[in-house]
Each structure stands twice: as structure tokens, then as C-alpha cells.
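Trainee: Here it is, the structure, as C-alpha cells.
The values are calculated or read from the model by the stated rules, or taken from the named source; none is laboratory data. These numbers come from a predicted model, not from an experiment. A quick note on method: Cβ atoms are made from the backbone with ideal geometry, for glycine too, and the neighbour counts reach across all protein chains shown. Ligands, DNA and RNA are stripped out before the accessible areas are found, and what is left, the full protein with its side chains, is counted by its heavy atoms. Shrake-Rupley method; radii C 1.70, N 1.55, O 1.52, S 1.80 Å.
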Amino acid sequence: MSKNTLGLLILFLVVFSCKSPESAPEIQRGVVAQNAMVVAAHPIASKIGIEVMKNGGNAFDAMAATELALAVVYPRAGNIGGGGFMVYRLASGETGSLDYREKAPNAAHRDMYLDENGEVIPDKSSVGIFSVGVPGTVAGIAAAHKKFGKLPWAEVVQPAIEVARNGYPLTENASKNLNRFQEAFAQHNDFRLPFTADSIWQTGDTIYQANLAETLERIRDQGKAGFYEGKTAELIVAEMQKHNGLISLEDLKNYEAQWRKTIDFEYRGYQITSMAPPSSGGICLAQLMKMTEPFDLKKMGHHTPETVQVMIEAERRAYADRAQYLGDPDFVSIPTDSLLAPAYLTRRMQDFNYNRAGKSTDIQSGTFALTNESTETTHYSIVDAEGNAVSITTTLNSYFGSKVMVAGAGFFLNNEMDDFSAKPGVPNQFGLVGYEANSIAPGKRMLSSMTPTLVSKDGKLFMVVGTPGGSTIITSVYQTLLNVIDFQMGMQEAVNTPRFHHQWLPDIVRFEPEAFSAGLISTLKSKGYLIEEGNAPVIGQVNAILVLPNGTLEGGADPRGDNTAMGY
Ligand code: DON
């Protein structure tokens, strides 16, 4: 064979091996891997997750390692001082979910954020020590690992310890972020944080977290008790006592993660499994998709006024139900069957009209604006070589949570108490309103929007998906699913596609800036929709995995942040 013929043969093989029938030329794929994949918010966390699996671990081992790595390298949202939700699908097809959401401390009470006139005290539920719920993350990863993990616990905790101790370089995003919060760190802490800058953080500067490394060592050596008892618990309570905070040693010792039944529904022949209360994610997603199903979106077209209108009107209705009915199922009874009944959902869309915007019941409209303060959470998706999948969303709520770091323990505490309804009908930082179902009570979990989701088709795993974004989480997951199922996009393309959001109240549709056609926006305005474009720089950061028809995995890492897909 001549050199030229050999060259042509190699070229032929390269071109055609990349062009299997499922990767039609117009689909611009993300990272594709044969065996396993992690898509997380930071390259170091994705790498740690994938290394654990290369070393014989499964998706649950990788979950613990990735979650702890995020707590080190992505402190704005990755955490051990917060909580989250995990939805899993085993290779056998069995599905389930774990709730490691924070809880109100025992000393919490219904009106704890109101003044003597019964008005909400600004910021009390969202910044500082009073905003902190009893953290759930360490209990969550320990429970998941205990039930399903393969590697020894110490082995999955160790990589995070090493990064905390040996340091990691700041990405551009991370350095900008830390610079923005210097004042808040100084205001809420009376000591120098590992994130306190001498002057200003630059890309590539190294962050060392010795106290966090010690806390992680206690978690490595004592498991859950390394956080909820002994020195770490004492340091948390000492931090509380410094500022009259509410969390006690007993609150910590009593914290348990809960295995929950998932919300399961079918959409156009795909089986969707998502998170049940205390997250509103699964129920709202099911309502959205079932209200959408009768409409032939593909025929109507992607991002056409008609399609966008159907989606907005479904969102309006789902978020109205969220406010009224959803809360912690251990405290309130949730009419799940009624909310998901086909006849109910058909009835809900009966007054939908293409000619004009619907109207949200006007309770608070105009008395507040959606906050522009940035908020954070993080989602990671994992599939292992055995075919197990986990979908995990975890959070401190806002960027760096309450901004309070536990002195001597090196981690931020959440400000999740703001997800409760501090007063019926008064919006929280996401503009979400709630009523009795989500009022504060001792030991109760605050309602979440986190929507870790899995999709199967014909008995096989099809997709793993989720995102941060506060109230926009549910609508971002919804749009990503429609992008793939109705509009046949690949995973990366579906993740990259611009997003919009409506949440009943305020009665405004938010669009990612400069990403939608002027024609679409003006048509919607002419029908009476109130549009807000450009107030929020991005909506969501979806990290997802799609199983391609040939069994390989496509990672969709959201370019709206440092999200990274890694596979092997
Ligand atoms: O649980 C919730 O719904 C919120 N605490 C999530 C916060 C969030 O996603 C902020 N992120 N961008």
C-alpha cells in the first residue's frame, strides 16, 4: 500500500468512525465517551469523579468524591454545609431518590423572620447565621455510599482532602466571583477566610484550605459522625453561639437523609423519573410536560411564538400550584395524584388562547422585582461503566450560602431557610411565593425547586439531567428535555440553547439576553406578555448526559460556567 493510499484509508476511517448514523452531521456533539461520564461544574471535580470510576468505583462512589471535590473547588455552591437531592437509576433499571435537604432547626418557628408588626425583616432569612438550615450533604453522600458504593469510604473522600490541602488554581470565573464577595465575607466573619484576598484574586492564584482538609479528614475517618458529632459539630455550634444562631448539637446529631419515592411519568414514550417533595421539581416538571404533550411542538417549531406561548402558559399554571400545594411531605399532605391527574392537567390548559397572554392571579404583582443578586447551586450528572446513573443537584442556596464560614472548620453554611415561605404570599429571593404548605416549623424541610432527573426509553437509560438556577431550575430542565425529545437536539446543543422562564408571579417572562429573535419578543409583547430581557445574564447551568443509540455517552456541559464533561 502506498503512503498516499494509507493516508486516504486513515482519513476515510476517521471521517466515518465519527459519522455513525446517530451522529448526523448537523448535530454538534459534546464530549463522547464509551464507558463512563461525569459532567460537573468544575474540571477538577469532574476529573476526581472520573478517576474514582477508573479505579473501580461506581457512580455512587463517584458521587461522594465529586460532591466533596465541589465543596473544595467550587465553594460558591459545592458544599458540606448545605444540602441536595439525588435521583438514581441502577443498571438493573431500579430507580429511587435520596433527599438530603436541610431542615429547620428545632428552635425555629413560623414567624421567626417577621417583626412585631408581622412584616418580613429584610435579609434575615437570606444572609447571616439566622438563614442557616441544618446541613444534609454529608449525611446524604454517606447514605448513598453505604447503600450502593463499592470502594472503601476513605478512598472516595481522600481526593478532596488532597486538593484542599495542596491547593488548586482559580479559574477566571472563580477569581471574579471571589473578588465580588470580599465585602460580604468580611461583614459576616470575624476571621480571615481562605478566600480573603490580599488585594485582588487573579486567575491562576492558588487557594489552600487547611481547616477544610481537617474537617474532611474527620469525615473520612468517622463517616457521618465526623460532621454531625464531635469536633465539627462543636465548631458549628460555637459559630452559632457567637451570633445567637439556632442550630444545636442535637439538631446535628438527629439529622438523617431520607430515601424517597420518585415522581415518575411518561412523555411521548419516554419514562421520566424526578425528585419528589420536599422538592417541587418532579411534580412541577410532570405537570409542565403533561400539559405540553397534547401540542405538536415539533410541527409548531422551536422557539416560535406558538411553542413559547404553550410553554409559558404551562409554566404559569405549574408554578401557581407549586405555591399553593407543595411543601415537606413529612409535615403537609400533598395532593400529588390530583396534581398529576390527566383530566386535571387537560382542564388546566383549556383556557389557553394563542391570541393573548394569560394573566396570573394578581396577588403581589408590582410590589417587588426579581432580585438581581446572583444565586448559585450546582448540578452534576454521572453514568458509570456498569450503567448506573446518578443525577444530583446540591446547594448552599445563594452564592456562598449565608456567607458565614464555620471558624476552624473551613466551610460555608447555607442560607436555605429563605426557601421557606417567611410570610404567606410574600416572595423570597427568587420571587417565589408560598403559603401554609411551606411555612416554617421545627425540623421541617423547606420547599426546593431542584430537579435532578433521569429519562429512560425502552427499558434503557436515555438521559441524566439537572441544573442550578433557583426558581428557573424546573423550567430549564423542562426546556432541555423538550430540546432533545421534541426537537431531536444532541445533548450539548440542547444545553447550549438559550432559555426563558415564567413562574406565575411575578407575571413576567424572562429571556436570556440577546439570544432570541426580535420577532419572537415583539409578537409576544403584542399578545400582552410582559417581557424582561437581560436582567439575569444566564438562566440555569445544565449539566447532562445523553446515551446515544450506539450506547456511547454524550456529555452536555453548560458553557455558561466552568462546567466540564469528562469520560473514558
Ligand atoms: O432549593 C432550591 O430550590 C434553591 N435553594 C436553589 C438555589 C439555586 O438554585 C440558586 N442557583 N442558582
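Trainee: Below 18 Å, Cα to Cα, which lysines can LYS525 reach? Residues fewer than 8 away in the same chain don't count.
Mentor: Straight-line reach from LYS525, under 18 Å: LYS359.
Trainee: Roughly how many nanometres apart are two label points built 7 Å out from the Cα toward the Cβ at SER338 and GLU116?
Mentor: According to this spin-label approximation, the distance is 4.1 nm.
Trainee: Given a 1.4 Å probe and the protein chains all in place, what does the accessible area of ILE247 round to, in Å² to the nearest 10?
Mentor: 10
Trainee: Eight or more residues apart or on different chains, and alpha-carbon atoms under 24 Å: count the Lys pairs in the range 228-315 matching that. Walk me through the numbers on the way to the answer.
Mentor: Numbers: LYS231/LYS242; LYS231/LYS253; LYS242/LYS253; LYS261/LYS290; LYS290/LYS298; LYS290/LYS299.
So the count works out to 6.
Trainee: Would the range 154-209 count as rounded, prolate or oblate if I go by the C-alpha gyration tensor, calling it rounded below 1.5 in a/c and otherwise prolate when a/b exceeds b/c, oblate otherwise? Kindly include the intermediate steps, with their values, before the conclusion.
Mentor: Numbers: a/c = 2.58, a/b = 1.55, b/c = 1.66.
The shape class here is oblate.
Trainee: Accessible area of the chain with a 1.4 Å probe: how many percent of it is carbon plus sulfur?
Mentor: 52
Trainee: When ligands, DNA and RNA are left out and all protein chains stay put, how many square angstrom of accessible area per residue does the chain have with a 1.4 Å probe?
Mentor: Details: 21000 Å² over 568 residues.
Result: 37 Å² of accessible area for each residue.
Trainee: Give me a comma-separated list of calculated 3J(HN,Hα) values for the range 550-559, in order, Karplus coefficients 6.51, -1.76, 1.60 applied at θ = phi - 60°, integers in Hz, x for any Gly or Pro.
Mentor: For the range 550-559, the Karplus-derived couplings read 8, x, 6, 10, 10, x, x, 9, 5, x Hz, x marking Gly and Pro.
Trainee: Once phi is turned into ³J(HN,Hα) by the Karplus curve 6.51 cos²θ - 1.76 cosθ + 1.60 with θ = phi - 60°, what whole-Hz value does each residue of the range 422-430 show in order, with x for glycine and proline?
Mentor: Calculated HN-Hα couplings, in order: 5, 8, x, x, 9, x, 8, 5, 8 Hz.
Trainee: Under a point-charge model restricted to the Cβ atoms of Lys and Arg (+1) and Asp and Glu (-1), what is the dipole moment magnitude of the chain relative to its Cα centre, in debye to the nearest 20? Mind showing how you got there, number by number?
Mentor: Numbers: 48 positive and 61 negative charges, 197 e Å.
About 940 debye.
Trainee: Report, in whole Å, the centroid distance computed from the Cα atoms of the range 437-484 and the range 198-222.
Mentor: 30
Trainee: Suppose a student asked you for the relative contact order of the chain, using Cα pairs under 8 Å spaced at least 6 residues apart; what percent would you report? Intermediate results must be reported in sequence, preceding the final value.
Mentor: Details: 1314 pairs, mean separation 138.8, N = 568.
Contact order relative to length: 24 percent.
Trainee: Continuing with this model, one more query. How big is the accessible area of VAL383 in square angstrom, nearest 10, if you roll a 1.4 angstrom probe over the protein chains?
Mentor: 10
Trainee: Can you work out the Karplus-derived ³J(HN,Hα) for every residue in the range 169-179? Use 6.51 cos²θ - 1.76 cosθ + 1.60 with θ = phi - 60°, whole Hz, and x for glycine or proline.
Mentor: Each residue of the range 169-179 in turn: x, 6, 6, 4, 4, 5, 5, 4, 4, 5, 4 Hz.
Trainee: Mind listing which GluC sites (Glu not before Pro) in the range 42-110 are in a DSSP loop and have 14 or fewer other Cβ atoms within 10 Å?
Mentor: Values: sites: GLU51, GLU67, GLU94, GLU102; in loops: GLU94, GLU102.
The qualifying sites are GLU94.
Trainee: Could you give the Stokes-Einstein D for the chain in µm² per second, using the C-alpha Kirkwood radius, 37 °C, 0.692 mPa s? Provide the component values of the computation, followed by the final result.
Mentor: Details: Rh = 23.8 Å.
Estimated via Stokes-Einstein, D reaches 138 µm²/s.
Trainee: Using a 1.4 angstrom probe on the protein heavy atoms only, could you order GLU183, GLU533 from most to least accessible area? Before the final figure, lay out the partial values.
Mentor: Values: GLU183 150, GLU533 85 Å².
Putting GLU183, GLU533 in descending order of accessible area: GLU183, GLU533.
Trainee: How compact is the range 120-175 by the rule of thumb for globular proteins, expressed as Cα Rg over 2.2 N^0.38 Å?
Mentor: Values: Rg = 17.1 Å, N = 56, 2.2 N^0.38 = 10.2 Å.
Ratio of Rg to 2.2 N^0.38 Å for the range 120-175: 1.69.
Trainee: In nm, what is the difference between 0.36 nm times the number of residues separating ARG347 and ASN550 and their Cα-Cα distance? Working shown, then result.
Mentor: On the way: separation 203, 0.36 × 203 = 73.08 nm, distance 4.03 nm.
Gain on extension, ARG347 to ASN550, equals 69.1 nm.
Trainee: Under the 0.36 nm per residue contour assumption, what length would be gained going from the current alpha-carbon distance of HIS302 and GLN324 to full extension? Don't jump to the answer; show the numbers that get you there.
Mentor: Details: separation 22, 0.36 × 22 = 7.92 nm, distance 3.12 nm.
That pair, HIS302 and GLN324, stretches by 4.8 nm at full extension.
Trainee: Let me ask something else. Report, please, the projected area of the range 61-181 averaged over directions, based on the convex hull of its C-alpha atoms, in nm². Mind showing how you got there, number by number?
Mentor: On the way: hull surface 42.7 nm².
So the Cα hull casts an average projection of 10.7 nm².
Trainee: Tell me, in nm to one decimal, what length is gained between GLN34 and GLU162 on full extension, where the rule is 0.36 nm per residue of separation less the Cα-Cα distance?
Mentor: Values: separation 128, 0.36 × 128 = 46.08 nm, distance 2.86 nm.
This chain segment gains 43.2 nm when fully extended.
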